[in-house]
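Working notes, beginning with the structure itself.
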Amino acid sequence: MKVGYIRVSTEEQNTARQEVMMEELGVEKIFMEKITAKTQCGREQLEAMLQFVREGDEVVVESISRIARNTRDLLEIVERLEEKGVAFISRKESIDTKTPAGKFMLTVFGAMAQLEREYLLDRQREGIEIARQNGKYKGRKPIEVNEGKFVEVYARWKSGKCKGVEAMQELGLKPSTFYRRVRGYEAGEN
């Protein structure tokens with residue numbers, strides 16, 4: 001079965017062009033929504049379409065930008081489809097995962113996404129280093145914990161009167177922060 005996914009970013013935008021294309025391609029079922037692609041959260045029709053499709057189906061979109069906000073999102077969505085045995089077709093980019101060329105194009109997109117992510121992390125590190133050299137970046141601020149309360153909870157935890165999970169919950173700390181505090185306290189840093 002050919003399943004179409006249509007999306008526009010706002011209520012005011014028109015879906016007619018995408019609907020005509022779906023009809024021309026013989027799409028049998030359409031999932032449509034008017035919502036930004038900035039996040040996959042809240043895209044109920046996208047999620048409904050991903051739940052609906054079955055092995056042997058084809059998901060058709062007008063262009064990649066209609067289904068994903070970036071390459072990483074696209075690859076995650078296509079991976080979910082492939083796990084179900086569903087092909088992905090993007091008309092504008094001529095991608096069809098049923099063909100070797102279509103699979104190759106997705107591989108290229110995957111490599112580009114990885115490269116893009118690594119460049120972003122490099123730029124972020126460089127920016128932090130420059131800010132640090134200029135005295136503008138001091139790192140993340142430590143999480144404030146009442147020292148008296150920490151000592152009290154630590155003593156109960158160390159004596160076995162409460163579990164680590166309970167101590168973390170009472171102090172409002174994640175495990176990594178809690179154990180870092182414990183190591184610092186035991187080393188006499190607090």
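For each of I130, I64, count neighbouring Cβ atoms within 10 Å of the residue's Cβ, then give the residues from fewest to most.
Working: I130 11, I64 21.
So the residues, fewest neighbours to most, are I130, I64.
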Please express the Cα-Cα pair-distance distribution P(r) of the chain as a list of whole percents, one per 5 Å bin, running from 0 to the bin with the greatest distance.
-> 1, 7, 12, 13, 10, 8, 7, 8, 9, 10, 7, 5, 3, 1, 0
Using the alpha-carbon atoms, what tilt in degrees (0 to 90, nearest 10) does helix 100-133 show relative to the longest principal axis of the chain?
-> 30 degrees
Where a Cα-Cα gap under 29 Å defines reach, which lysines qualify for K136, not counting those fewer than 8 residues away within the same chain?
-> K174
Cross-link reach from K29 to lysines, straight Cα distance under 26 Å and at least 8 residues apart if same chain, gives K2, K38, K84, K92, K98, K103
Test item: Cα-centred dipole of the chain, Lys/Arg +1 and Asp/Glu -1 on Cβ, debye = 1040 debye
The Cα extents of the range 95-163 along the principal axes, largest first and rounded to whole Å, are 64, 41, 13
Mind checking which of T177, T97, T71 has the largest fluctuation in a GNM of the chain, springs on alpha carbons under 10 Å?
-> T177
Identify which of R156, R91, R140 has the largest mean-square fluctuation in a Gaussian network model of the chain, with springs joining Cα atoms closer than 10 Å.
-> R156
Give the residues of the range 42-70 whose amide nitrogen is closer than 20 Å to a point set 7 Å from the Cα of K103 in the direction of its Cβ.
-> 54-60
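Using +1 on the beta carbon of Lys and Arg, -1 on that of Asp and Glu, and nothing else charged, what's the dipole of the range 147-186 about the Cα centre, debye to 20? All intermediate terms of the calculation are to be shown ahead of the outcome.
Working: 9 positive and 5 negative charges, 26 e Å.
In debye, rounded to 20, the range 147-186 gives about 120.
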Cross-link reach from K149 to aspartates and glutamates, straight Cα distance under 12 Å and at least 8 residues apart if same chain, gives E170
Rounded to the nearest 10 degrees, the helix 175-186 long axis (Cα) sits at an angle to the longest Cα principal axis of the chain of 20 degrees
The value for the range 147-186 (convex hull of the alpha-carbon atoms, volume per residue, Å³) is 58 Å³
Choice from G110, G102, G164 showing the highest fluctuation, given a GNM over the chain with Cα pairs closer than 10 Å = G164
Against the longest principal axis of the chain, how steep is helix 71-83, in degrees 0 to 90 to the nearest 10, with axes from Cα atoms?
-> 70 degrees
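Only the coordinates and a few stated rules stand behind these numbers; no lab work does. Quick caveat, the model's predicted, so the values are computed rather than measured. Backbone-built Cβ (ideal geometry, glycine too); neighbour counts: all protein chains shown.
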